[in-house]
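The values are calculated or read from the model by the stated rules, or taken from the named source; none is laboratory data. All of these numbers come straight from a predicted model, not from anything done at the bench. Because the Cβ atoms are built from the backbone with ideal geometry, glycine has one as well, and the counts that use them run over all protein chains shown.
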Amino acid sequence: MSNRYLQSLRALRRYCEKEEFKGWDPYDGLNSKLFRAIPLAKRSALCRLIVIQGFKRCPVNLRRLALVPKQHNAKGIGLFLQGYCNLWRAVDADPSLAADLGDKSSIESRIHSLAALLLSLRSSGDYHGACWGYNFDWQCRREFLFPANTPTVVATTFCATALMEAYEVTRRREYLDAALSSAEFVMRDLHRADCQSGFLFSYSPLPGNDTVFNASLLGSKLLACCYHYTGNEEYLRAARSSVEACCAAQRSDGSWYYGTQPVQSWIDSFHTGYNLDALAVYRDMTGDHDFDDNLRRGFEFYVGHFFLPDGTPRYYHDRTYPIDIHCPGQLLVTLARLGRYSDYADLARRVLDWTIANMQAPEGYFYYQIKPWISSRISYMRWSNAFMFYSLSFLVPFS
């Protein structure tokens, strides 16, 4: 890991710790105290959608003016927790890294504080296990409203797997117990939609959101991790059924559409990376190699379509903009998860060099999106900074 990359990671870490891991989010417009003071607007799905998309798309940050508070986001805290666990492992393997990353005891102290915070952010309600959502109301098109803290399989998987890593570092049983209980959330609270030869897990317990491949595969990833600890065959069977459905839906060129609906027929970079990550973890946690060819073809499509020769990351397989910070960030995670970093180190360096040069602010935080004309250089804690901290932490062992 070059000194430039360590400097980037240190600057980002200083910024996030100074902010106490709180911040704004691309989708937090409905947390505006001004918007909440208008009763008619709050009751209108169209108004809610306009507010969210207006804040998300505006290159100027209006959140201070609109009284949107900086808050903790559970998925963001899960990403930070995983990142610090990765740093602990790196220092444990190579004590010389302590000069740049801190000693194991200081990192472990941070792990405990983040794990405790994450446990406090669990969604409350009549759910069958630990689960997590987002700290804002979210209007998904006009038909779905996800109230704040509605648990999702995406947030829950990132949070629960981070707690498993925290357990491996600290041996604190309460972290593992909470993480393992999340399997029951996936098994009993999520809907299942028949698809191909298996089924898709729903995005949340709410009806009508069971068409997204990466969400279902993340559910499989979590169940596979829980199976690794418990040996529960029900978890394995459900995880495999979801994997079968998603792999049967893989296109002949190795790619996946985002979802099963016509309006979801796009192919993008980081959700493809999520799919590969989930398949790799499923394989490693279960020993099931039946989907290795799907993983191989998906990876070949991923590295062959989403990065330009100069390191510019692309959002879609057939066009570049907007360049979202998740696109370069997911590359490092995917290479590490699949054990392919040494084979693609040059690609990783080109992409990371481009990202630091074009998407990291002097203060250390990372920008949200680069566009051809007016880009969004807003600092978002979950979407940009937590994700890049998580991403860069996977690079440290290759120093």
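Okay, here's what the table says:
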item	result
Residue that is surrounded by 17 or more Cβ atoms within 10 Å (Cβ to Cβ) and assigned to a loop (DSSP other than H, G, I, E, B), where the choices are G254, G219	G254
Residue match in segment 20-40 (condition: acidic (D, E), over 20 Å from R57 (Cα atoms) and out of contact with any Asp or Glu (no Cβ under 9 Å at 6 or more places or on another chain))	yes
Failed condition for Y227, given (1) aromatic (F, W, Y); (2) more than 25 Å from E165 (Cβ to Cβ); (3) crowded, with 18+ Cβ neighbours inside 10 Å	(2)
Filter result (of a type outside the set (V, I, T) and either over 16 Å from V303 (Cα atoms) or in contact with a strand residue (DSSP E or B) (Cβ under 6 Å, 6 or more places away or on another chain) (or both)) within segment 253-278	Y257, Y258, G259, Q261, P262, Q264, S265, W266, D268, A278
Checking F199 against (1) part of a helix (DSSP H, G or I); (2) surrounded by fewer than 23 Cβ atoms within 10 Å (Cβ to Cβ); (3) of a type outside the set (S, T, Y), the condition it does not meet	(1)
Looking only at segment 253-282, and only at residues there that are in contact (Cβ under 8 Å) with a residue 12 or more places away in the chain and among the small types (G, A, S), the one that is nearest to Y203 (Cα to Cα)	G259
Within segment 34-82, tally of residues that are touching a Gly at 6+ places or on another chain (Cβ under 9 Å), of a type outside the set (V, I, T), surrounded by 13 or more Cβ atoms within 10 Å (Cβ to Cβ) and farther than 30 Å from R110 by Cα	7
Candidate set: segment 289-298, residues that are assigned to a loop (DSSP other than H, G, I, E, B) and of a type outside the set (A, V, I, L, M, F, W, C); chosen: the one nearest to A345 (Cα to Cα)	H289
Some residue of segment 174-182 being aromatic (F, W, Y), in a helix (DSSP H, G or I), buried (at least 16 other Cβ atoms within 10 Å of the Cβ) and touching a Cys at 6+ places or on another chain (Cβ under 9 Å)	no
Residue check, L145 out of contact with any strand residue (DSSP E or B) (no Cβ under 9 Å at 6 or more places or on another chain) and either on the phi < 0 side of the Ramachandran plot or not charged (D, E, K, R) (or both)	no
Conditions (1) out of contact with any Gly (no Cβ under 9 Å at 6 or more places or on another chain); (2) modelled with pLDDT of 95 or more; (3) under 28 Å from L392 (Cβ atoms): number failed by Y127	(3)
So S241, is it polar (S, T, N, Q), under 24 Å from A160 (Cβ atoms) and under 22 Å from the mean Cα position of the chain (by Cα)	no
Residue check, F21 over 19 Å from L395 (Cβ atoms), of a type in the set (F, W, Y) and modelled with pLDDT of 95 or more	yes
From the options R172, R192, R188, residue that is among the basic types (K, R) and closer than 24 Å to A386 by Cα	R172
Residue satisfying condition, being buried (at least 19 other Cβ atoms within 10 Å of the Cβ) and more than 14 Å from the chain's Cα centre (by Cα), within set S391, S379, S384	S379
Failed condition for F185, given (1) part of a loop (DSSP other than H, G, I, E, B); (2) modelled with pLDDT of 95 or more	(1)
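To keep it simple, each residue is scored yes or no on (1) among the β-branched types (V, I, T); (2) farther than 15 Å from L118 by Cβ; (3) without any contact (Cβ under 8 Å) to a residue 24 or more places away in the chain; (4) touching an Asp or Glu at 6+ places or on another chain (Cβ under 6 Å).
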position: F146; (1), (2), (3), (4): no, yes, no, no
position: T150; (1), (2), (3), (4): yes, yes, no, no
position: T156; (1), (2), (3), (4): yes, no, no, no
position: A166; (1), (2), (3), (4): no, no, no, no
position: V169; (1), (2), (3), (4): yes, no, no, no
position: Y175; (1), (2), (3), (4): no, no, no, no
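Results for (1) more than 21 Å from the chain's Cα centre (by Cα); (2) under 28 Å from N232 (Cβ atoms); (3) of a type in the set (A, V, I, L, M, F, W, C), shown as yes or no for each residue.
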position: S269; (1), (2), (3): no, no, no
position: T272; (1), (2), (3): no, no, no
position: R283; (1), (2), (3): no, yes, no
position: G311; (1), (2), (3): yes, no, no
position: Y321; (1), (2), (3): no, no, no
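Residues checked against (1) among the charged types (D, E, K, R); (2) modelled with pLDDT of 95 or more; (3) at negative phi:
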| residue | (1), (2), (3) |
| --- | --- |
| N61 | no, yes, yes |
| V68 | no, yes, yes |
| H72 | no, yes, yes |
| K75 | yes, yes, yes |
| L79 | no, yes, yes |
| C85 | no, yes, yes |
| R89 | yes, yes, yes |
| A99 | no, no, yes |
| D103 | yes, yes, yes |
